[in-house]
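To keep things clear, I will list the structure first and then write my remarks on it.
No lab work stands behind these numbers, since they all come straight from the coordinates. Values in this document were obtained by computation on a predicted structure and should not be read as measured data. Note that each Cβ is placed from the backbone with ideal geometry, even for glycine, and that neighbours are counted across all protein chains shown.
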Amino acid sequence: MQPMADQVVTRFAPSPTGRLHLGHAYSALFAWRAARSAGGRFLLRLEDIDEARCDPAFEQGIYDDLAWLGIDWDGPVLRQSERSAAYRAGLDRLEARGLLYPCYCSRKDIRAEVERSGSAPHGPLGAVYPGTCRALSLEERAARQANGEAFALRLNSRRAKALAGAPDWSDRAHGTSKVDPVALGDVVLARKETGTSYHLAVSLDDAYQGVTLVTRGEDLLEATAVHRLLQALLDLPVPEWHHHALLTDDDGKRLAKRDDARAIATLREAGHTPAEVRAMAGFADA
Ligand code: GLU
Ligand code: ZN
């Protein structure tokens, strides 16, 4: 699946947890145009890790809606639900470099610890985990594991900084940024019951699929720092990014999945043509 040198490779990566709406159409057209206008490849990936929320009917809806909009994709669809071995291998590599530790805190524990210590540092991703479990002794970890307790695997951000420094990344709309690993906090990369987080899966999948230009909404701008850090720690190729503005409704509010009036299928059933819906999403045909 290696792309040819210099070839632009983009992807659209929806979760099959609802119907696609105009905001998705915008994201998909954005990625598709970026690839096609450069003679590159456009890939489709289903972010279907969260089994409880995913539904095969929504998956079929994604294929139908994209085809109806005139968006074609190259090669087979990649499903995250079939990639658990790759995510495990990624975790093993991080583990081998001493970058992971199990965290047994519940949300309540974290809140209590933040209150107790009187400081609640905020990073780009929100409240920073206070690091309680970083200091657990090996004996304590072994005992809690033997107990079968639920845990999250967190990235030790200080060690990440020691190993990777502060890598930078470049966005076509937002310029160059530097990652501050410690400011991100010790982000969760997997849980006992879910073998990966969004951050780990996206970083490994974009590399595996040979994506050279990651396009997605500005709501994920902050998450990119984590992805860039993981690329550095896992020695993955570094793509370019282009975070685009989010499509909003007439009141300026972000479109949500529950906003069914703007679902592609609803617009189709109401008699709109693909060209009309592309125009509604801001992509008038040339
Ligand atoms: N599944 C994510 C979403 O629907 C995709 C994020 C990404 O493009 O990295 O928001
Ligand atoms: Zn903890």
Seminar exercise, completed: Matching residues in the range 90-116 (within 13 Å of ligand 2 (Cβ to nearest atom) and either loosely packed, with under 14 Cβ neighbours inside 10 Å or more than 24 Å from residue 231 (Cβ to Cβ) (or both)) number 11
For this session: For the range 54-88, name all the residues that are in a helix (DSSP H, G or I), aliphatic (A, V, I, L, M) and surrounded by 12 or more Cβ atoms within 10 Å (Cβ to Cβ).
Result: 62, 66, 67, 69, 86
Exercise. Do we have residue 131 as within 16 Å of ligand 2 (Cβ to nearest atom) and either touching a residue at least 12 places away in the same chain (Cβ under 8 Å) or within 20 Å of residue 180 (Cβ to Cβ) (or both) here?
Worked result: yes
For this session: Identify, from the list 263, 279, the residue that is surrounded by 12 or more Cβ atoms within 10 Å (Cβ to Cβ) and either touching a helix residue (DSSP H, G or I) at 6+ places or on another chain (Cβ under 7 Å) or touching a residue at least 24 places away in the same chain (Cβ under 8 Å) (or both).
Result: 263
Exercise. Among 58, 12, 30, which is over 30 Å from residue 158 (Cβ atoms), within 13 Å of ligand 1 (Cβ to nearest atom) and out of contact with any strand residue (DSSP E or B) (no Cβ under 9 Å at 6 or more places or on another chain)?
Worked result: 58
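Out of everything in the range 23-34 that is surrounded by fewer than 23 Cβ atoms within 10 Å (Cβ to Cβ) and more than 15 Å from the chain's Cα centre (by Cα), what residue ends up being farthest from ligand 2 (Cβ to nearest atom)? Let's see the steps before the verdict.
So in the range 23-34, the residues surrounded by fewer than 23 Cβ atoms within 10 Å (Cβ to Cβ) come out as 23, 26-27, 29-30, 33-34.
Cutting the leftovers down to more than 15 Å from the chain's Cα centre (by Cα) gives us 23, 26, 29-30, 33-34.
Working: 23: 35, 26: 38, 29: 42, 30: 38, 33: 44, 34: 40 Å.
Looking at the filtered set, the residue picked out is 33.
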For this session: Would you be able to say whether some residue in the range 67-79 is hydrophobic (A, V, I, L, M, F, W, C) and touching a Pro at 6+ places or on another chain (Cβ under 9 Å)?
Result: yes
Exercise. Checking residue 199 against (1) in contact (Cβ under 8 Å) with a residue 60 or more places away in the chain; (2) closer than 13 Å to residue 91 by Cα; (3) part of a helix (DSSP H, G or I), which test does it fail?
Worked result: (1)
Seminar exercise, completed: Going through the range 225-242 in order, the residues found to be touching a strand residue (DSSP E or B) at 6+ places or on another chain (Cβ under 6 Å) and either without any contact (Cβ under 8 Å) to a residue 60 or more places away in the chain or surrounded by fewer than 20 Cβ atoms within 10 Å (Cβ to Cβ) (or both) are 239, 240, 242
Exercise. Pick from the range 201-220 the residues that are within 11 Å of ligand 1 (Cβ to nearest atom) and surrounded by fewer than 17 Cβ atoms within 10 Å (Cβ to Cβ): which of them is nearest to the chain's Cα centre (by Cα)?
Worked result: 220
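Looking at 17, 10 in this structure, which one is away from ligand 2 (no atom under 16 Å from the Cβ), outside any loop (DSSP other than H, G, I, E, B) and among the hydroxyl-bearing types (Ser, Thr, Tyr)? It would help to see each step written out before you state the result.
Working: 17 fails: outside any loop (DSSP other than H, G, I, E, B).
Matching residue, one of 17, 10: 10.
Residues in the range 89-111 that are under 14 Å from residue 196 (Cβ atoms) and part of a helix (DSSP H, G or I): how many?
Just the residues of the range 89-111 that are under 14 Å from residue 196 (Cβ atoms), to begin with: 89-95, 100.
Now narrow it down to the ones that are part of a helix (DSSP H, G or I): 89-95.
So the count comes out to 7.
Where residues in the range 40-60 are in contact with a Ser or Thr (Cβ under 9 Å, 6 or more places away or on another chain) and among the acidic types (Asp, Glu), which of them is nearest to ligand 2 (Cβ to nearest atom)? Spell out the reasoning first.
The initial filter retains those residues of the range 40-60 that are in contact with a Ser or Thr (Cβ under 9 Å, 6 or more places away or on another chain), namely 40-43, 46-51, 53-55, 58.
Okay, now just the ones that are also among the acidic types (Asp, Glu), so 47-48, 50-51, 55.
Working: 47: 26, 48: 28, 50: 22, 51: 25, 55: 33 Å.
The qualifying residue nearest to ligand 2 (Cβ to nearest atom) is 50.
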